[in-house]
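Structure, as structure tokens:
The values are calculated or read from the model by the stated rules, or taken from the named source; none is laboratory data. Treat the numbers as computed from the prediction; the structure is a model and nothing was measured. Reconstructed Cβ throughout: ideal geometry from the backbone, glycine too, with neighbour counts over all protein chains shown. SASA here: full protein model, heavy atoms, side chains in, ligands and nucleic acids out. Shrake-Rupley method; radii C 1.70, N 1.55, O 1.52, S 1.80 Å.
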Amino acid sequence: MKALIVDDEARVRKAVRLLVDWDAHQIGEILEAGNGNEAIRLIRREKPALVIMDMMMESGNGLELMTWVNEFAGNTKFIVVSGHNDFDFVRQTVRHGGIDYILKPIEPEMINNAVSKAVAAWRSEEEERSHRQRQSIRLNEIKPIYGEKLLSALIDDPINAEASLRRLWDDGIIPRSAEVSRLILVQTDPGNNPLIKRFGGDSELLYYAIVNICNEFLQQQSKGIAFRYWGGPPEIAIILWDVQESIVGLINRINQGIYLTLQFRMHFGISSAGPLPGGLPAERTEAAEALLRRNLLRHEDYCHFASSAEAADTGSGPPMIFADVQEEWRMAVISGNPEALSAAAQHWTGELSRRGAVTPEMLNSWKADALLFRSRLAREALGGQADSALAELERTDALNPAPLPGGYSFSLFAWRDWSLDMMRRLSQELAARQAKERNPLTDIVKYIEQNYQSDLSLQEVAGKFYVSREYISRKFKQEYGINFSDYIGVVRIDKAKLLLQNPNLKLSQISEMVGFHDVKYFSKVFKKQVGSSPKDYRTRINP
């Protein structure tokens, strides 16, 4: 067993060392610290059973040290040795769980009596902790193959629930006196990567740790039991049969234990009381709904009740639905304007914040409606191309997935950024595909194919399609490597080659049919493109 002496005067620390009969108290190692801050570092590293401390020190005073020990090292016992006969100091010592308050100069009998009481209290609590740990180990040895299955069956197997309860009675897991229960669900978040990484990516190991922490508090006075529920998605459930216990007080203690171990606090969905085991299926539904309907804007609320009388404030005014902003989103996506897209994304998250209530249930519904909106707008704008566009959008969804509606770390900014990215990608996809579909050059080429016999001029075609002559010339050069008039000539000669296969048509007729009014000019252009005269070409293809 270790003890720590904390005083900013070395002579006082030496006096305490000499006055206490350490061997009689079976304390084998004595540490020293000159101030509260140094003491905290030593307590964290060495975990002493006893701290003997001064109240007034220059760096890190005794009150701060007591407060820290009470909150973060609750197993450690402490005795205050002070030169100040101040009632407020005495009161603070008692309030923070101190064993005794001794005035300087120190009397050997008084300090040894105080140390004896502290050691006895520590040993008693250590024995109780060991007992609970052995109890927890025994329970956890059967849970993977037996206990959790029976406990889960109480909820999801009503036909065999009574038989499961009798077996749990026989094993001492649930007392026979338990007739009424409340079901509590501990929220789990598969997207909490930092927490899961601490367990080597093993979420089952994380659940095991949370269950053990919960049972540390529940099994002290046989209030209930926590277990891994196997009847659906990954869940940790608590069956509480001591329904007279202050639920909020109990959960706050459990949550503090979870925080000290994992540096996270969990959310708890709490059902109303019902008969055991018959009421458990409905209680689980209530507890799940309580988590789904918790107000995510109330960050410090961790207890969420199913009944309306106990439920958290749900904000002012009617809840916001997607239909309220659908037209704004539609216009922003169609316009493609960055400011309009940003304003649309900001509007709905700002309105949610203003109304004072956001629940996981609302966010689940909003996400589903937003994706349905995307599908409908794509089909409206692209028709037959919609399926390929939506497939591309879904592929890129993986790069920016929506935040988890019920995750530990809720942020409206994350939802705003997700909706902005979704709208921006949809707008870009629609614009790209519509631009390709609306390319004027495609329509101009079709027009030439249908009217190559006519005297087509660059000016006429530019006017018909409301583009400049320079635009047409530039696009033909880019796409085909030739100018507009040469392209018309290629189309006409290709048509002429088809007509030359008919031996009954004269060259003059063919020339006129493909838009050449002078047969000699037709022959000249044909030879330039094909490498032979129309007559020679006909002879070659019709020997």
| note | For Lys2, counting only aspartates and glutamates whose alpha-carbon sits under 15 Å away and dropping same-chain residues fewer than eight positions off, the answer is Asp21, Asp23, Glu29, Glu32, Glu46, Glu126
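Work out how much length Trp230 to Arg11 would gain on full extension: take 0.36 nm times their residue separation and subtract the Cα-Cα distance, in nm to one decimal. List each step's numbers first, then the result.
On the way: separation 219, 0.36 × 219 = 78.84 nm, distance 6.15 nm.
Fully extending the segment from Trp230 to Arg11 adds 72.7 nm.
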| said: Quick check: residue separation of Ala24 and Glu512 times 0.36 nm, minus the Cα distance between them. What number comes out in nm? | reply: 163.1 nm
| Cα lying deepest toward the dipole's positive end in the chain, options Ala323, Tyr537, Val243, charges on Cβ | Tyr537
| In nanometres, what is the gap between the two model label sites at Arg198 and Asp171, each 7 Å from Cα along Cα-to-Cβ? | 2.9
| task | Treating cross-link reach as a plain straight distance, find the aspartates and glutamates whose alpha-carbon is under 16 Å from the alpha-carbon of Lys477, omitting any fewer than eight places away in the same chain. | result | Asp486
| task | Using only the Cα atoms of the stretch 410-460, each taken as one equal point scatterer with no solvent, compute I(q) by the Debye sum, divide by I(0), and report log10 of the ratio at q = 0.13, 0.24, 0.25, 0.29 Å⁻¹. | result | -0.54, -0.88, -0.91, -1.02
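Beyond a 28 Å Cα-Cα separation, which of these cross-linked pairs lie in this structure: Lys77/Lys197; Lys464/Lys527; Lys475/Lys528?
Details: Lys77/Lys197 34 Å; Lys464/Lys527 32 Å; Lys475/Lys528 24 Å.
Going by Cα-Cα distance, Lys77/Lys197; Lys464/Lys527 fall outside the 28 Å limit.
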| note | Rounded to the nearest 0.05, FRET efficiency between Arg395 and Asp301 (Cβ-Cβ, R0 41 Å) equals 0.60
| query | Once the dipole of the chain is set up with Lys and Arg at +1 and Asp and Glu at -1 on Cβ about the Cα centre, which of Asn295, Gln428, Gly224 lies farthest towards its positive end? | reply | Gln428
| query | Ser181's amide H: which non-local residues (gap 5+, or another chain) put their own amide H closer than 5 Å, with H modeled 1.01 Å from N in plane and none for Pro or chain starts? | reply | Gly274, Leu276
| task | Please list the non-local residues whose amide H lies under 5 Å from the amide H of Ile174, H modeled 1.01 Å from N, same-chain partners needing a gap of 5 or more. | result | Trp169
| Which Rg and Dmax, in Å, describe the Cα atoms of the stretch 263-391? | 19.3, 59
| said: Please list, short to long, the whole-number percent of alpha-carbon pairs of the stretch 172-253 in consecutive 5 angstrom bins beginning at zero. | reply: 3, 14, 25, 22, 17, 11, 6, 2, 0
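Which FRET efficiency value, to the nearest 0.05, is calculated for Ser411 and Met110 with the Förster distance at 45 angstrom and r the Cβ-Cβ distance? Kindly include the intermediate steps, with their values, before the conclusion.
Details: r = 56 Å, r/R0 = 1.24.
The value I calculate is 0.20.
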| message | Please compute the modelled spin-label separation between Gln326 and Tyr471, points set 7 Å along Cα→Cβ, answer in nm with one decimal. | response | 3.5
| Amide H contacts under 5 Å for Leu31, placed H, 5+ residues apart | Ala3, Leu4, Ile5
| message | Starting from the 7 Å offset along Cα-to-Cβ, what nm value, one decimal, do you get for the label separation of Lys524 and Arg355? | response | 7.7
| Rounded to the nearest whole Å², what accessible area per residue is found for the chain with the 1.4 Å probe? | 52
| query | Taking θ as phi - 60°, what are the ³J(HN,Hα) couplings along the stretch 221-226 by the Karplus curve (6.51, -1.76, 1.60), each to the nearest whole Hz, with x for Gly and Pro? | reply | 10, 6, 8, x, 8, 9
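With +1 on each Lys and Arg Cβ and -1 on each Asp and Glu Cβ, and nothing else charged, work out how big the dipole of the chain is about its Cα centre, in Debye to the nearest 20. Let's see the in-between values first.
Details: 66 positive and 71 negative charges, 708 e Å.
The dipole of the chain has a size of about 3400 debye.
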| query | Straight-line reach from Lys524: which lysines have a Cα under 17 Å away, not including same-chain ones fewer than 8 places off? | reply | Lys495, Lys497, Lys506, Lys535
| request: Over the chain, with every protein chain in place, what whole percent of the accessible area is carbon and sulfur at 1.4 Å, could you tell me? | output: 51
| remark: Candidate span helices, the chain: DSSP H, at least 24 Å along axis from Cα coords, Kyte-Doolittle average at least 1.6, result none
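Whole number please: convex hull volume per residue, Cα atoms of the chain, in Å³. If you can, show how the numbers build up before the last one.
Details: hull volume 158.4 nm³, N = 543.
Convex hull volume per residue, Cα atoms: 292 Å³.
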| Suppose every K and R has +1 on its Cβ and every D and E has -1 on its Cβ; what is the size of the dipole of the stretch 230-302 about the Cα centre, in Debye to the nearest 20? | 200
